[in-house]
Amino acid sequence: MVIYLKNIFTDAGNVTRFTARFFKEIIRPPFEIKEFIRQCYTIGYKSLPLVGITGFIMGLVMTIQTRPTLAQFGAESWLPGMVALSLIREITPVITALICAGKIASGIGAELGSMKVTEQIDAMEVSAINPYKYLVVTRILATTLMVPLLVIFADGIGILGGYIGINIHSDVNLYRYFSQVLASLAFLDIVPPTIKTFFFGFFIGLIGCYKGFNAANGTESVGKAANSAVVAASLAIFIIDMLAVQITDLFF
Amino acid sequence: MIQEEPNIQIPNNTENSVPDITIKGLYKSFGENNPILQGVNLTVKKGENLVILGKSGSGKSITIKCLVRLVEADKGEIFVFDTDINTLGNSQLNAIRARIGFLFQNSALYDSMTVRENLSFPLKRHSKQLTTDEVDAAITEVLESVGLADAIDKMPSELSGGMRKRIGLARTLILKPEIMLYDEPTTGLDTITSREISELILAIQKKNKTTSIIITHDMACAKLTGDRIVILKDGVIDAEGTYEELEKSSDEWVRSFFI
Ligand SMILES: Nc1ncnc2c1ncn2[C@@H]1O[C@H](COP(=O)(O)OP(=O)(O)OP(=O)(O)O)[C@@H](O)[C@H]1O
Ligand SMILES: [Mg+2]
């Protein structure tokens, strides 16, 4: 028990130091612009299909599932607005972030973990290249920037999915559908959830990098790094989500 | 009067007797009851090839990792180019590291980069003023010197173990290091390739006047490349001498390396 507690505190300390180093290195030149762009491409662009498909399905399924309830009250005309609200405020950010945790955090954890195990990170260090700057800063920045963009993309596709879902049973034209969606959205529905996604992205990158960078020696620790990155990142997403909702609730 | 001390005792390739590397009382342990190094003392003179022998797990790799502070020593002084590296800040440490080449036991090539990028990656960062043509020329030159000019656009995963070793060597050589640290440069290679690599190490010593530490289990390599040999045992340097001296040592354990 004592050892368990001690481990938790050591871990917390290490993560804090790792995070502090990020903010220290990010402001200090040289900047690894090229690697950052490459990471944006692999993290953002390469995730588009996956995020798009899940976004579409979420929109479609949400519409089909919500319709009967609304129909009971004769409020079917609220359907577009309601679906858009729940998608944008909660479902798309969290589901997309979880998908990114599965794809990106594990990818980063495995990649950096195997670089650590095969001494590639050591090799950078001895050739006087700062591996933290080159590998970690660029990846965390890329996830922080790309996850929000992916969420916005998924929002759009999800609302489109909702349109198709509605047209299974009734006939609404696209223009009318979108004007209903837009009419139901206010500032509060868009900005706080978007801010939240930056934190999702930051922690997905941070946790993936931390787990990979601190992988122990030996090949089996690569798998462990990838696995624990997904678990920790998913948990972090839910915790951030809870905090974000509380804070929004408190201030608005 | 000047002639009183004739310049006789210059052994092999040793330029002069200024030590490039001095290790004094180096201690390192992993956990409380797992001491690895227990007071290693070592000097390597400028231009000298020092071979370190020792059983697997005796701490040879740890010793040279302490030398570039990849591993922090528990205790002990390490002087490289007359600087105590344990007192250096990050930027000064990097300035020293840039003058040292480190060949890793498993080559440690960057998996996600082609051979060309593996080589240009460190070079571009250290000599920012180089043009693309100059970088390309440097890459071609160093690849030719390790005999792998045609592998330039391959990925590391497409290379054999021996080729990876040589690319790893090329990657360190491209920065023209003054000190080379070789961690088992010939392990896992056939006799012929091993000899080629050993000869390459000798050629590098001659051409660039590098100071080298060579960790090896390969006695042919030790014999060919080593100006001096030390044996690591129980965390200290147990024996020291030339190949011929140690081969005839009175200590049976030392002799057992040479059978
Ligand atoms: N990060 C580490 N954590 C714990 N123990 C370690 C670590 N690195 C090395 N060791 C231990 O230190 C000892 C010496 O390791 P080292 O890699 O220096 O051996 P070596 O002499 O190079 O052996 P080999 O010839 O097999 O490469 C080993 O017993 C190893 O278990
Ligand atoms: Mg070793």
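The values are calculated or read from the model by the stated rules, or taken from the named source; none is laboratory data. Please read all numbers here as calculations on a predicted model, not as lab measurements. Here the Cβ positions follow ideal geometry from the backbone for every residue, glycine too, while neighbour counts run over all protein chains shown.
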Restricting the first residue to the range A:99-120 and requiring it to be away from chain B (no Cβ under 12 Å), which pairs with a second residue that is charged (D, E, K, R) meet a Cβ separation below 6 Å and a spacing of at least six or different chains?
-> A:Ile108/A:Arg139; A:Gly109/A:Lys211
Which condition number in (1) in contact (Cβ under 8 Å) with a residue 24 or more places away in the chain; (2) closer than 24 Å to A:Tyr45 by Cα is the one that A:Val231 fails?
-> (1)
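Go through the range B:181-196 and give me each residue that's of a type in the set (Asp, Glu) and surrounded by fewer than 23 Cβ atoms within 10 Å (Cβ to Cβ).
Within the range B:181-196, the first condition is being of a type in the set (Asp, Glu), and the residues that meet it are B:183-184, B:190, B:196.
B:Glu184, B:Asp190, B:Glu196 - these are the residues of the range B:181-196 that are of a type in the set (Asp, Glu) and surrounded by fewer than 23 Cβ atoms within 10 Å (Cβ to Cβ).
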Count of the range A:200-225 residues which are polar (S, T, N, Q) and either free of Cβ contacts under 8 Å to residues at least 60 places away in the same chain or in a helix (DSSP H, G or I) (or both) | 1
Does the range A:129-144 include one or more residues that are under 18 Å from the mean Cα position of the chain (by Cα), within 14 Å of chain B (Cβ to nearest Cβ) and crowded, with 21+ Cβ neighbours inside 10 Å?
-> yes
Restricting attention to the range A:113-124, does a residue exist that is within 19 Å of the chain's Cα centre (by Cα), in a helix (DSSP H, G or I) and either surrounded by 22 or more Cβ atoms within 10 Å (Cβ to Cβ) or at pLDDT below 90 (or both)?
-> no
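Look through the range B:173-199, keep the residues that are among the polar types (S, T, N, Q), assigned to a helix (DSSP H, G or I) and more than 21 Å from B:Lys45 (Cβ to Cβ), and return whichever of them is farthest from ligand 2 (Cβ to nearest atom).
Within the range B:173-199, the match that is farthest from ligand 2 (Cβ to nearest atom) is B:Thr191.
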What number goes with the only condition from (1) outside any helix (DSSP H, G or I); (2) out of contact with any helix residue (DSSP H, G or I) (no Cβ under 7 Å at 6 or more places or on another chain) that A:Gly156 does not pass?
-> (1)
Those residues of the range B:20-65 which are away from chain A (no Cβ under 14 Å), within 14 Å of ligand 1 (Cβ to nearest atom), under 23 Å from B:Asp84 (Cα atoms) and of a type in the set (Ser, Thr, Tyr) amount to B:Tyr27, B:Ser29, B:Thr63
Quick one: in the range A:66-89, of everything that is without any contact (Cβ under 8 Å) to a residue 12 or more places away in the chain and more than 18 Å from A:Tyr177 (Cβ to Cβ), which residue is surrounded by the most Cβ atoms within 10 Å (Cβ to Cβ)?
-> A:Thr69
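For residues in the range B:230-257 being among the charged types (D, E, K, R) and touching a residue at least 60 places away in the same chain (Cβ under 8 Å), which is surrounded by the most Cβ atoms within 10 Å (Cβ to Cβ)?
Going residue by residue through the range B:230-257, those that are among the charged types (D, E, K, R) are B:233-234, B:238, B:240, B:244-245, B:247-248, B:251-252, B:255.
Subset that is touching a residue at least 60 places away in the same chain (Cβ under 8 Å): B:233-234.
On the way: B:Lys233: 15, B:Asp234: 13.
Only one residue tops the list, namely B:Lys233.
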Can you tell me how many residues in the range B:206-248 are assigned to a helix (DSSP H, G or I) and either within 16 Å of ligand 1 (Cβ to nearest atom) or among the acidic types (Asp, Glu) (or both)?
-> 6
Got a number for residues in the range B:199-229 being buried (at least 22 other Cβ atoms within 10 Å of the Cβ) and over 12 Å from the mean Cα position of the chain (by Cα)?
-> 4
Of (1) within 14 Å of chain A (Cβ to nearest Cβ); (2) without any contact (Cβ under 8 Å) to a residue 24 or more places away in the chain, B:Val68 satisfies all except one. Which?
-> (2)
Filter pass, B:Gly162 being in a helix (DSSP H, G or I) and within 16 Å of ligand 2 (Cβ to nearest atom) = no
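Any idea which residue in the range B:79-120 is nearest to the other protein chains (Cβ to nearest Cβ), counting only those that are within 16 Å of ligand 2 (Cβ to nearest atom) and of a type in the set (S, T, N, Q)? Please lay out each step first, then the result.
Step one: of the range B:79-120, the residues within 16 Å of ligand 2 (Cβ to nearest atom) are B:102-108.
Okay, now just the ones that are also of a type in the set (S, T, N, Q), so B:105-107.
Details: B:Gln105: 8, B:Asn106: 6, B:Ser107: 9 Å.
Ranking the qualifying residues of the range B:79-120, first place goes to B:Asn106.
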